[in-house]
Amino acid sequence: MNLALTPEQIEADERWMQHAIMLAGKAEAIDEVPVGAVVILDGEIIGEGWNQAINLHDATAHAEIIALRAAGKTVENYRLIDATLYVTLEPCSMCAGAMVHSRVKRLVYGAVDLKTGAAGSVFNLVEHAQLNHQIEVRSGVFASETGALLSNFFKRRRKEKKALKRLLKG
């Protein structure tokens, strides 16, 4: 559900997506899939996160989950009514479900995830009519930049894997 946006909202969406992109860089710096997320309420950061599943050995340590946890602690409530979550990649079903339960008002994301996306590409959990809460969605904000972060990361990983195989064959 892409609603008509004011120029101010478009500007804010772009500013906060740039922040999420910076957070994705933190994930990449620790050799995690470069995804970053930030939760905004009343123009202020209340939570942020980046992927840490590999380093923390925790399948739930996605950028969105970490950001939602931090936001809940900040406002001392798991319900994040009127908050917007910005994330560089379309959320998976786990993250989309957490957003619905958190009552996030808006979701703004960059690149689509054609394998596990749960905000419109594979399926649409965040706007499902049978759930008790639906989230407004804006997709494609800096899609080429966020998509490039991911594709470059996986290209580099494949190259490193090939180099390691060659080295081991010796």
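Its DSSP H runs of at least 4 residues, each contributing -39,500 (n - 2.57), put the calculated 222 nm mean residue ellipticity of the chain at -15000 deg cm²/dmol, to the nearest 500.
Along segment 116-131 the Karplus relation, 6.51 cos²θ - 1.76 cosθ + 1.60 evaluated at θ = phi - 60°, assigns HN-Hα couplings of 9, x, 10, 10, x, 8, 7, 8, 10, 5, 6, 10, 5, 5, 7, 7 Hz to successive residues, with x for each Gly and Pro.
Between amide H atoms placed 1.01 Å from N, distances below 5 Å from Gly47 occur with Val39, all of them 5 or more places distant or on a separate chain.
Quick one: if the Förster radius is 30 Å, what FRET efficiency do His133 and Glu44 give, using the C-beta to C-beta distance and rounding to 0.05?
0.85
May I have the count of lysine pairs in segment 87-170 with C-alpha atoms under 23 Å apart, counting pairs 8 or more residues apart or located on different chains? Display every interim value, and only then the final one.
Working: Lys115/Lys155; Lys115/Lys159; Lys115/Lys161; Lys155/Lys165; Lys155/Lys169; Lys159/Lys169; Lys161/Lys169.
For segment 87-170, qualifying lysine pairs total 7.
What does the C-alpha gyration tensor say about the overall shape of segment 123-170? Classify as rounded when a/c is under 1.5, otherwise prolate if a/b is larger than b/c, or oblate. Working shown, then result.
Working: a/c = 8.06, a/b = 2.69, b/c = 3.00.
Note, shape of segment 123-170 comes out oblate.
Note on surface exposure: Asp113, Asp82 rank Asp82, Asp113 by accessible area, highest first, 1.4 Å probe. Rolling a 1.4 Å probe across the protein heavy atoms gives segment 7-168 an accessible surface of 52 Å² per residue. Out of residues 5 or more away from Val104 or on other chains, whose amide H comes under 5 Å of its own, with H placed 1.01 Å from N in the peptide plane? Here the answer is Leu80, since their amide H atoms fall under 5 Å of that of Val104.
Sorting 6-12, 39-45 by their mean Cβ neighbour count within 10 Å, with the most densely packed peptide first, gives 39-45, 6-12. Highest mean packing comes first when the peptides 46-55, 153-162 are listed by Cβ atoms within 10 Å, giving 46-55, 153-162.
Shown in residue order for segment 40-48 are the 3J(HN,Hα) couplings computed by the Karplus curve 6.51 cos²θ - 1.76 cosθ + 1.60 at θ = phi - 60°: 10, 9, 6, x, 10, 6, 10, x, 8 Hz (x for Gly and Pro).
Measuring between their Cα centroids, segment 13-60 and segment 93-170 lie 12 Å from each other. Across segment 4-19, rounded Karplus estimates of 3J(HN,Hα) from the backbone phi angles (6.51 cos²θ - 1.76 cosθ + 1.60, θ = phi - 60°) give 4, 10, 7, x, 5, 5, 4, 4, 4, 4, 5, 4, 6, 5, 4, 5 Hz, Gly and Pro being marked x. Relative contact order of the chain: 19 percent, from C-alpha pairs under 8 Å at least 6 residues apart in sequence. Share of the chain's accessible area from carbon and sulfur, percent, 1.4 Å? Answer for the chain is 56 percent, counting heavy atoms of protein chains only.
Shape call for the chain from the C-alpha gyration tensor, a ≥ b ≥ c root eigenvalues: rounded (a/c under 1.5), prolate (a/b greater than b/c) or oblate? List each step's numbers first, then the result.
Working: a/c = 1.85, a/b = 1.74, b/c = 1.06.
Prolate, since a/c reaches 1.5 and a/b exceeds b/c.
Here's how it looks for Leu125: its modeled amide H is under 5 Å from those of Ala119, Gly120, which are all 5 or more places away or on a different chain.
The values are calculated or read from the model by the stated rules, or taken from the named source; none is laboratory data. This one's a predicted model, so the numbers in the text were calculated from it and none came from an experiment. Because the Cβ atoms are built from the backbone with ideal geometry, glycine has one as well, and the counts that use them run over all protein chains shown. Remember, those area values only see protein heavy atoms, side chains included, never the ligands or the DNA or RNA. Shrake-Rupley method; radii C 1.70, N 1.55, O 1.52, S 1.80 Å.
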